1. Collect the residues in region 61-96 that are polar (S, T, N, Q) and either more than 8 Å from the ligand (Cβ to nearest atom) or part of a strand (DSSP E or B) (or both), keeping them in residue-number order.
2. Could you list, ordered by first residue, the pairs with Cβ atoms under 8 Å in which the first is in region 204-216 and closer than 11 Å to PRO134 by Cα and acidic (Asp, Glu) and the second is surrounded by 23 or more Cβ atoms within 10 Å (Cβ to Cβ) and at pLDDT 90 or above, at least 6 apart or interchain?
3. Find the helices (runs of 4 or more DSSP H) located wholly in region 206-306 whose residues include 1 or more that are within 16 Å of the ligand (Cβ to nearest atom) and at pLDDT 85 or above, and list them.
4. Since ILE77 meets every condition but one in (1) in contact (Cβ under 8 Å) with a residue 40 or more places away in the chain; (2) farther than 26 Å from SER250 by Cβ, which condition does it not meet?
5. Hey, could you check region 260-306 for residues that are hydroxyl-bearing (Ser, Thr, Tyr) and more than 30 Å from GLU76 (Cα to Cα) and say which is surrounded by the fewest Cβ atoms within 10 Å (Cβ to Cβ)?
6. Since LYS162 meets every condition but one in (1) within 16 Å of the ligand (Cβ to nearest atom); (2) without any contact (Cβ under 8 Å) to a residue 60 or more places away in the chain, which condition does it not meet?
7. Listed residues ASN147, ASN141; which is modelled with pLDDT of 90 or more, surrounded by fewer than 15 Cβ atoms within 10 Å (Cβ to Cβ) and under 30 Å from GLY185 (Cβ atoms)?
Amino acid sequence: LMQLSIPLNFIGFVYREIRQGLTDIEQMFDLLDVPAEVVDRPDAKPLAVASGAVRFDDVRFSYDPERPILKGISFEIPAGRTVAIVGPSGAGKSTISRLLFRFYDIKSGAITIDGQDVRDVTQRSLRAAIGMVPQDTVLFNATIAYNIRYGRPDATDEEVRKAAEMAQIGTFIEALPDGYRTMVGERGLKLSGGEKQRVAIARTILKAPPILLLDEATSALDTHTEQEIQSALDTVSRGRTTLVIAHRLSTVIGADEIIVLKGGEIAERGRHEQLLSAGGLYADMWNRQREATEAEERLRRARETD
Ligand code: ATP
């Protein structure tokens, strides 16, 4: 019976999510490991976003009771500002983004958006308010226009083109023989990681959510692509409350606050320059990454001149 009940539960869960009109397939994939206990309260109200200020207040969380993952995390993202979370692998960075979406409920503390606890609002309204640019974007076997329009199905052709331009992928698309009608995905044109990420950014520009969650790709991009993506991300995050889960430190330089997470605790916090001159964990990470990037660039240039 146990074996049967889990898949049934799971199918029911997926069905509910589809029926609720969930618009991001990436989110759907993330949802796959959501425990079914996270349900709306009977009196849940839709989230009323005023300015989009996000607050974590002494948040404690563990996936397994024996192993605490977040050990009392507090920070605030004032409306329209950007906070970046950095730290070693396994520190709990992605967990923070999952908790903002309320994929899990926390053990103690509170997570609020404009003063409303995420546990008190409908999950549907919560997820509608947060736009996500994920590490890996899933593309449909459809035209590139369809893939971008997915962010807002009623967007006009002109709006789709505009979003693509802002995401720095417009020129690339227009150079394709079939332009916006080019088929992409498994059975169509294969896009690189950086191109896929820009499609995700274009989708998010169309969706225009008040709160933005950027989960950066771990994979190394060449400096040029990285700069293009960075400028696309700057466009989409302007004026929006943004939480960046950062792997590449170049994206955090401009953040209003950088939180350095280590073993589920905040080890350091501040702006880029402050943390660099503090000479601690962040400064170490920064120096190591810069050396690695420089070595990669040297290698790439050497290959190009061969
Ligand atoms: P990375 O930089 O490698 O992506 P991270 O800082 O984002 O790491 P998290 O993904 O938040 O780290 O994971 C924090 C810890 O929680 C890890 O030790 C991980 O093994 C554990 N963890 C993550 N997801 C689950 C899960 N679904 N069940 C149990 N443990 C989990």
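1. Within region 61-96, SER62, SER74, THR82 qualify.
2. What qualifies is GLU216/VAL244.
3. Answer list for region 206-306: 281-305.
4. (2)
5. Per the stated criteria, the residue is THR305.
6. The number of the failed condition is (1).
7. Result: ASN141 is the single residue among ASN147, ASN141 that is modelled with pLDDT of 90 or more, surrounded by fewer than 15 Cβ atoms within 10 Å (Cβ to Cβ) and under 30 Å from GLY185 (Cβ atoms).
The values are calculated or read from the model by the stated rules, or taken from the named source; none is laboratory data. Note that the structure is a prediction, hence the values are computed from the model and not measured. For neighbour counting, all protein chains shown are included, and Cβ atoms are generated from backbone atoms with ideal geometry for every residue, glycine included.
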